[in-house]
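For reference, the structure is listed below as structure tokens.
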Number of protein chains: 2
Amino acid sequence: MENHPFDLALRLLPLASDVYAGATTDAYWNMVGPFGGVLAATALNAVLQHPALLGAPISLTVNYAGQIAAGAFKLSATPRRTNRSTQHWLIELLQTNKMGVEEVMLTASAITATRRATWSSDDATLPTVSRPNNLPTVQPMGSVEWVKRYDMRFIEGMFPVEWDGKGDTSLSQLWVRETPPRAVDFCSLAAMADIFFPRVYLRRALRVPAGTVSMTVYFHADAAQLTQSGTGFLLGQARAQAFRNGFFDQTAQLWNEAGLLLATTHQIVYYKE
Amino acid sequence: MENHPFDLALRLLPLASDVYAGATTDAYWNMVGPFGGVLAATALNAVLQHPALLGAPISLTVNYAGQIAAGAFKLSATPRRTNRSTQHWLIELLQTNKMGVEEVMLTASAITATRRATWSSDDATLPTVSRPNNLPTVQPMGSVEWVKRYDMRFIEGMFPVEWDGKGDTSLSQLWVRETPPRAVDFCSLAAMADIFFPRVYLRRALRVPAGTVSMTVYFHADAAQLTQSGTGFLLGQARAQAFRNGFFDQTAQLWNEAGLLLATTHQIVYYKE
């Protein structure tokens with residue numbers, strides 16, 4: 001899979017202890033910067049490639065601090081504390097601006113851990129929905145490049161066709177997988193946590209400027225459960241709870257086709273007007 | 001309010017640029033360390049006291065890295081990036097261990113912002129529940145000190161009385177305010193985001209070791225809306241979505257008595273067995 005566009009986008013070159021070099025790729029370009037999901041995945045990838053890594057991802061929070069330009073960036077990933085079975089990471093993405101000054105473009109934290117088998121229960125169960133093969137592929141925001149890297153099949157809450165300001169719900173449900181297909185792993189799951197177009201578009205049926213400010217992903221699946229998901233579709237479900245004076249939240253779930261809850265995720269998103 | 005136990009717990013003394021001195025207080029002691037909510041509030045307080053602060057809290061993520069001991073700690077709060085209307089903060093709590101080594105006990109990030117009035121909507125509305133005056137005060141985990149700092153009035157999902165392993169839901173709803181009453185502000189809201197006892201206790205009706213690993217709070221209210229909430233009760237609602245091999249998540253909301261959604265919050269929590 002080394003030549004899959006997602007793997008190319010995630011490539012990091014070790015520069016020094018805790019520091020990696022990366023670059024944005026056209027394949028995941030959003031409207032004015034890289035797709036936030038691929039940035040989250042790249043931040044996580046620095047942790048996963050780190051020689052001191054303990055365990056697998058449990059939690060990832062990414063704060064989008066500045067507008068990342070096309071081109072090279074530096075990524076630092078530092079284990080701030082390592083316990084017997086958990087490890088706490090700080091990550092920063094730095095980019096040198098036109099004036100030659102290095103600026104913080106993204107900050108993130110991650111927790112990795114070794115898991116043990118325990119009593120388990122998925123309380124949030126897969127909604128009863130049509131299977132992906134029975135649904136058409138659609139491209140919300142079809143003019144945006146990163147959207148073409150995913151096969152999205154909507155059940156509910158499609159990208160509005162009429163921008164008439166008459167929206168009444170923020171709920172979307174869609175099957176999603178990468179195109180070309182790629183087996184799901186922690187990084188692709190982090191990226192797909194950011195697959196949902198801004199809830200404010202849907203809720204208002206109105207297109208206003210909007211961008212994610214912070215995203216958190218909780219990983220419920222371990223590596224074996226991700227492997228079982230293979231290249232199948234994931235069901236993504238997202239809704240907002242509050243839109244208030246410039247910021248709304250998004251709460252979302254990602255299940256695999258077998259109905260296992262792989263991740264739950266949350267965002268706070270800036271919007272204008 | 002300077003002598004309210006919550007304000008005493010939050011006290012910070014500036015030590016140097018970006019560095020504060022604080023200490024744990026017996027009034028908010030949990031089973032083996034300080035109440036995580038008061039730690040989150042203290043981390044936020046360092047940001048709010050910082051001379052470079054821009055705007056008010058939008059987002060706070062706190063990662064609980066180590067077992068904090070009773071006594072003094074150092075808190076660093078650094079603005080990593082300041083934009084026109086948003087600011088990104090990194091926070092760390094450090095404590096010197098018995099060997100004289102300074103250790104990272106907590107890492108956090110916060111985003112503050114200046115807000116503008118926009119179209120707004122609370123999609124997650126206050127559940128239809130009994131008013132607080134009609135409900136008895138109960139103390140879940142009554143032997144734990146911090147619980148005594150809150151007046152909790154449960155509607156649903158009380159602390160189990162019989163630990164018979166026969167639980168079937170993780171949903172709690174309760175009215176909560178500080179005792180003695182104290183007007184809600186950003187710090188007390190951050191603390192009350194962590195008011196819910198571990199969902200695994202309720203879901204299983206079984207008491208197993210559990211502790212929050214990471215918590216995120218999204219602040220929907222601005223300072224004026226918090227002021228309007230006064231010393232009234234907040235309705236807290238929490239549930240889990242997945243319990244899986246040592247970690248479960250919690251998703252929660254906090255409304256004021258007038259029904260305004262003040263904050264939404266999420267946790268990932270370690271549990272054993």
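Laboratory data are not the source of any read-out in this text; all were calculated from the coordinates shown. Remember, it's a predicted structure, so these values are computed and weren't measured experimentally. Quick reminder, even Gly has a Cβ in these numbers, built from the backbone with ideal geometry, and neighbours come from all protein chains shown.
Just to check, using Stokes-Einstein with a Kirkwood Rh over alpha carbon pairs, what's the diffusion coefficient of segment A:231-270 at 20 °C and 1.002 mPa s in µm²/s?
193
Find every distance from the label point of residue A:117 to the corresponding label point in the other copies (7 Å from Cα along Cα→Cβ) and write them in nm, one decimal, shortest first.
Here residue A:117 shows inter-copy label distances of 6.0 nm.
Taking chain B as a Gaussian network, Cα atoms linked when under 10 Å apart, which of B:243, B:196, B:233 shows the biggest mean-square fluctuation?
Result for chain B, Cα springs under 10 Å: B:243 fluctuates most.
Which whole-number percent is the relative contact order of segment A:98-217 (Cα, under 8 Å, 6+ apart)?
Result for segment A:98-217 is 21 percent.
Across the protein assembly as shown, how many lysine pairs separated by 8 or more positions, or lying on different chains, have Cα atoms within less than 24 Å?
Lysine pairs satisfying the spacing and distance rule in the protein assembly as shown number 4.
Checking the a/c ratio against 1.5 first, then a/b against b/c, what shape does the Cα gyration tensor give for segment B:152-273?
Because a/c hits 1.5 or more and a/b exceeds b/c, segment B:152-273 counts as prolate.
Report the one residue of B:212, B:254, B:270 whose Cα lies farthest in the direction of the positive end of the charge dipole of segment B:196-273 (charges on C-beta: Lys and Arg +1, Asp and Glu -1; origin at the Cα centre).
The one lying farthest along the dipole's positive direction is B:270.
With no solvent and one point on each alpha carbon, what is the Debye value of log10 I(q)/I(0) for segment A:63-107 at q = 0.14, 0.33, 0.34 Å⁻¹?
Debye curve over Cα of segment A:63-107, log10 I(q)/I(0) at q = 0.14, 0.33, 0.34 Å⁻¹: -0.41, -1.18, -1.22.
Select from A:120, A:32, A:179 the residue farthest towards the positive end of the dipole of segment A:26-180; place +1 on Cβ of Lys and Arg, -1 on Cβ of Asp and Glu, and compute about the Cα centre.
Of the candidates, A:120 comes out farthest on the positive side.
What number, in nm² with one decimal, is the all-direction average of the projected area of the convex hull of the alpha-carbon atoms of segment B:1-123?
Seen from a random direction, the Cα hull of segment B:1-123 projects 9.6 nm² on average.
What distance in nm separates the simple spin-label points at residue B:133 and residue B:72, each placed 7 Å from Cα in the Cβ direction?
In this crude spin-label approximation the distance works out to 4.9 nm.
Evaluate the Debye formula for the protein assembly as shown with equal point scatterers sitting on the alpha carbons, no solvent, and hand back log10 of I(q)/I(0) at q = 0.06, 0.12 Å⁻¹, in q order, two decimals.
So the normalised log intensities work out to -0.26, -1.18.
Which order do the peptides B:139-151, B:177-189, A:30-42, A:149-161 come out in when sorted by mean C-beta neighbours inside 10 angstrom, highest first?
A:30-42, B:177-189, A:149-161, B:139-151
Rank B:47, B:217, B:104 by mean-square fluctuation in a GNM of chain B with C-alpha springs under 10 angstrom and give only the top-ranked residue.
Highest fluctuation among the options: B:104.
Distances from residue A:31 to the same position in the other copies: list them in nm, one decimal, shortest first, using label points 7 Å from Cα along Cα→Cβ.
4.8
State whether chain A is rounded, prolate or oblate according to the following rule on the C-alpha gyration tensor (a ≥ b ≥ c being the square roots of its eigenvalues): a/c under 1.5 gives rounded; otherwise a/b larger than b/c gives prolate, and the remaining case gives oblate.
It is oblate, given that a/c is not under 1.5 and a/b is not larger than b/c.
Provide A:4, B:266 in ascending order of the number of other Cβ atoms located within 10 Å of each residue's Cβ, fewest first.
Fewest-to-most ranking of A:4, B:266: A:4, B:266.
For chain B, set up a GNM with springs between Cα atoms under 10 Å and report which of B:228, B:250, B:173 has the largest fluctuation.
Highest fluctuation of the listed residues: B:228.
Distance between Cα centroids, segment A:113-156 to segment B:146-204: provide it in whole Å.
Each part's Cα centre sits 33 Å from the other's.
Given axes a ≥ b ≥ c from the Cα gyration tensor, I'd like to know whether segment A:157-216 is rounded (a/c under 1.5), prolate (a/b larger than b/c) or oblate.
Since a/c reaches 1.5 and a/b is larger than b/c, the shape of segment A:157-216 is classed as prolate.
What is the Cα coordinate range of segment A:55-173 on the first, second and third principal axes, sorted by size from largest, in whole angstrom?
The principal-axis extents, from largest down, are 53, 46, 27 Å.
Fewest to most neighbouring Cβ within 10 Å: what's the order for A:20, B:28?
Going from least to most buried by this count: A:20, B:28.
Return the average number of partner chain Cβ atoms within 10 angstrom of each residue Cβ along peptide A:198-210.
The per-residue average across the peptide is 1.
For segment B:137-185, take the convex hull of the Cα atoms, compute a quarter of its surface area, and give me that in nm², please.
4.2
What is chain A's relative contact order, in percent, from Cα pairs under 8 angstrom and six or more apart in sequence?
The value is 17 percent.
Enter the mean number of other protein chain beta carbons within 10 Å of the beta carbon of each residue in B:234-247, as an integer.
Shielding by partners across B:234-247 averages 6.
If one puts a single equal scatterer on every Cα of segment B:25-77 and applies the Debye formula without solvent, what log₁₀ I(q)/I(0) results at q = 0.32 Å⁻¹?
-1.47
Can you tell me the relative contact order of segment A:139-193? Whole percent, Cα pairs under 8 Å, sequence separation 6 or more.
36
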